[in-house]
């Protein structure tokens, strides 16, 4: 499933970095922290790999 907004794609990338041990969990907040706890590494990869070219900055419900 691809990300639906730039904010969602960025949050997935941040959560993925923490899941891989490349970043510290204390730096996460909001949607990124929720994604870390609720999504697998594969799901986060799919969201983070979404091209941001034609995505809106945010959609209703994005944190």
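Derivation of every value follows stated rules applied to the coordinates shown; laboratory data play no part. None of the values given here were measured: they were computed from a predicted structure. All Cβ positions, even for glycine, are placed from backbone atoms using ideal geometry, and neighbour counts span all protein chains on display.
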With the structure loaded, tell me whether residue 17 is farther than 16 Å from residue 57 by Cα, in a loop (DSSP other than H, G, I, E, B) and over 8 Å from the mean Cα position of the chain (by Cα) or whether it fails that test.
no
Reported set for the range 24-59 where residues are buried (at least 16 other Cβ atoms within 10 Å of the Cβ) and part of a loop (DSSP other than H, G, I, E, B) is 28, 39, 50, 55
